[in-house]
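Chemist: Have a look at the structure that comes next, please.
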Amino acid sequence: MRTLPPKPEPPGRDDCCMSGCEYCVWDLYDEDMHEYQKHATAIREALEAKGMPVPQHLRPESLRDSVDPSMRAFLDMERQMEQRIKDQEDQDDS
């Protein structure tokens, strides 16, 4: 059975400059959190398949990130803008 890596810690309040850096500390946190959630889900599903109890820390409600809602909205907006730019570039190339 897999071993669950430590849950990523979100960046501190002063770690992000809020200037839309290409590799923002919040993007890195999101990538790490996604990997953590993927590992936790695989372990949970393996336990469920064997009929074993699932520990609380592996349940879906415990796997959500701990990002402030306003920061989550900012990150979502950044991703949407990035996707629009990419879509526009792809459209211009064709």
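The values are calculated or read from the model by the stated rules, or taken from the named source; none is laboratory data. These numbers come from a predicted model, not from an experiment. All Cβ positions, glycine included, derive from the backbone under ideal geometry; neighbour counts span all protein chains shown. Surface areas here come from the heavy atoms of the whole protein model, side chains and all, with no ligands, DNA or RNA. Shrake-Rupley method; radii C 1.70, N 1.55, O 1.52, S 1.80 Å.
Chemist: Could you say whether any residue in region 69-88 is modelled with pLDDT of 85 or more, farther than 16 Å from residue 3 by Cα and of a type in the set (Asp, Glu)?
Modeler: yes
Chemist: Residues 24, 16: which one is of a type outside the set (A, V, I, L, M) and in contact with a Phe, Trp or Tyr (Cβ under 9 Å, 6 or more places away or on another chain)? Break it down into steps so the answer makes sense when it comes.
Modeler: On the way: 24 fails: in contact with a Phe, Trp or Tyr (Cβ under 9 Å, 6 or more places away or on another chain).
Within the list 24, 16, the selection yields 16.
Chemist: May I pose another question? Within region 26-41, which residues are surrounded by 14 or more Cβ atoms within 10 Å (Cβ to Cβ) and hydrophobic (A, V, I, L, M, F, W, C)? Full working, then the answer.
Modeler: Kept after step one, since they are surrounded by 14 or more Cβ atoms within 10 Å (Cβ to Cβ), are these residues of region 26-41: 26-27, 29-30, 32-33, 36-37, 39-40.
Result: 26, 33, 40.
Chemist: Whether any residue in region 53-63 is outside any helix (DSSP H, G or I), among the aliphatic types (A, V, I, L, M) and surrounded by 11 or more Cβ atoms within 10 Å (Cβ to Cβ) is what I want to check. Full working, then the answer.
Modeler: Here is the first cut: in region 53-63, the ones outside any helix (DSSP H, G or I) are 53-55, 59, 63.
So of that shortlist, the ones also among the aliphatic types (A, V, I, L, M) come out as 54, 63.
Next, from what is left, pick out any that are surrounded by 11 or more Cβ atoms within 10 Å (Cβ to Cβ): 54, 63.
Checking region 53-63: at least one residue is outside any helix (DSSP H, G or I), among the aliphatic types (A, V, I, L, M) and surrounded by 11 or more Cβ atoms within 10 Å (Cβ to Cβ).
Chemist: While we're here: Which residues, counting only those in region 64-94, are outside any helix (DSSP H, G or I), open to solvent by less than 100 Å² (accessible area, probe 1.4 Å) and of a type in the set (S, T, N, Q)? It would help to see each step written out before you state the result.
Modeler: Start the filter on region 64-94 by keeping residues that are outside any helix (DSSP H, G or I), which leaves 64-68, 94.
Checking the rest, the ones that are also open to solvent by less than 100 Å² (accessible area, probe 1.4 Å) come to 65-68.
Answer for region 64-94, where residues must be outside any helix (DSSP H, G or I), open to solvent by less than 100 Å² (accessible area, probe 1.4 Å) and of a type in the set (S, T, N, Q): just 66.
Chemist: Being charged (D, E, K, R) and part of a loop (DSSP other than H, G, I, E, B), is that true of even one residue in region 23-37? Even if it seems obvious, please write down each step before you answer.
Modeler: Initial filter on region 23-37 (charged (D, E, K, R)): 27, 30-32, 35.
Okay, now just the ones that are also part of a loop (DSSP other than H, G, I, E, B), so none.
Taking every residue of region 23-37 in turn, none turns out to be charged (D, E, K, R) and part of a loop (DSSP other than H, G, I, E, B).
Chemist: Right, here's the next one. Go over the candidates 6, 11 one by one and state the one that is part of a loop (DSSP other than H, G, I, E, B), without any contact (Cβ under 8 Å) to a residue 40 or more places away in the chain and loosely packed, with under 12 Cβ neighbours inside 10 Å. Talk me through it step by step, then tell me what you get.
Modeler: Working: 11 fails: loosely packed, with under 12 Cβ neighbours inside 10 Å.
Testing whether each residue is part of a loop (DSSP other than H, G, I, E, B), without any contact (Cβ under 8 Å) to a residue 40 or more places away in the chain and loosely packed, with under 12 Cβ neighbours inside 10 Å leaves just 6.
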